[in-house]
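As structure tokens, the structure follows; a few thoughts come after it.
The values are calculated or read from the model by the stated rules, or taken from the named source; none is laboratory data. These numbers were taken from a predicted model, which means no experiment stands behind them. Note that each Cβ is placed from the backbone with ideal geometry, even for glycine, and that neighbours are counted across all protein chains shown.
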Amino acid sequence: MVSGFWDNKVSAQTTMQRLASLRYDYEKWTNIKNKCTDLNEIATVALNEKDESLNDSIYPELSKLSSMVETLEFELQLNGDLDEKTAILSIKQGAGGVDAQDWSEMLLRMYTRWAEHRKFSLEILDLTPGEEAGIKSATVKIIGRYAYGYLRSEKGVHRLVRLSPFDTDHRRHTSFALVEVLPEPDTAQDIRIEPDDVKMDVFRASGNGGQSVQKNSTAIRLTHKPSGLVVSVQNERSQSQNREVGMKILHARLVDLEIKKRAEKQAKLKGEHVSAEFGRQVRSYVHHPYQMVKDHRTEYQTGNTDAVLNGEIDDFLTAFLSSSGKTNSIK
């Protein structure tokens, strides 16, 4: 490394992580290339010698290679500057009362299962339970390569239609929840938060009662004066821990705000109309009077609602990214 490379440890670590990522990609493609060469040689021998017994080993391996190549080709679309980042995902209760709080918890479970399927790790940063059921809000960190690249398509309002389990007459209800997805910023990222720009208020954490309710004022609310952004955290046991988590979320939201400003500026130069993402309904989940999950941006839909709510959302993620074809628009 050049002289002085490690003088800035944070920048150096970011560079080393990038090098490790590139090395990983190189090794994956090289491994596939070598396997293709080996398989081609076996297939050539089988053809020349008319040995059909080798088919049982050739076709399964060919299927595996094809699947691997399709996955890697798709990942090439995840070429935004932030796509490889860890994702900070927030779910907030919308209209619908107790049903909306229950719906918010169902979405949290869906994303948790999705992360488990991909062998990503998930860390709960903040969670506010509902009074009767479900949650009012939750913020989680999903750690895995391309976590943000995949999940950025989830931003927006998610709608649920079902027979309410909280209605004594068992009538059909519509509930809403807002999903927000942010890239976790590097500490070296070019956004500095001045201490004087952040106002901190403290209060007691809410809960379902009993021993889980905090007796001391450990929950915090951070207000970033220049932007007006507000972050509340009450999940940790100490005020300092909540403040640390809150600052990370605030930093991520400031990065996201900067991304949106750049996107709007580019759109104005191109003469495009940019609609606000907040409040935009992106997907509907229908449990009654029929079973269907439909993405309103791509028109992709499935009748297997239970599978989707169990974390099988990859088809929706890939449909969005493939149809947009503009991953560099979030750089």
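Residues are listed down the side, and each one gets a yes or a no for (1) surrounded by fewer than 17 Cβ atoms within 10 Å (Cβ to Cβ); (2) among the polar types (S, T, N, Q):
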| position | (1), (2) |
| --- | --- |
| Phe74 | yes, no |
| Tyr111 | no, no |
| Thr128 | no, yes |
| Glu131 | yes, no |
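Of the strands (runs of 3 or more DSSP E) entirely within region 110-181, those holding at least 2 residues that are touching a residue at least 60 places away in the same chain (Cβ under 8 Å) and either closer than 27 Å to Ser238 by Cα or of a type in the set (Gly, Ala, Ser) (or both) occupy 121-129. Note on region 282-318: residues that are polar (S, T, N, Q), under 26 Å from Asp83 (Cβ atoms), modelled with pLDDT of 95 or more and not in a loop (DSSP other than H, G, I, E, B) amount to 2.
For (1) in contact with a Cys (Cβ under 6 Å, 6 or more places away or on another chain); (2) closer than 30 Å to Asp186 by Cβ; (3) of a type outside the set (Val, Ile, Thr); (4) at pLDDT below 80, each residue gets a yes or a no:
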position: Leu47; (1), (2), (3), (4): no, no, yes, no
position: Thr86; (1), (2), (3), (4): no, yes, no, no
position: Ser90; (1), (2), (3), (4): no, yes, yes, no
position: Trp103; (1), (2), (3), (4): no, no, yes, no
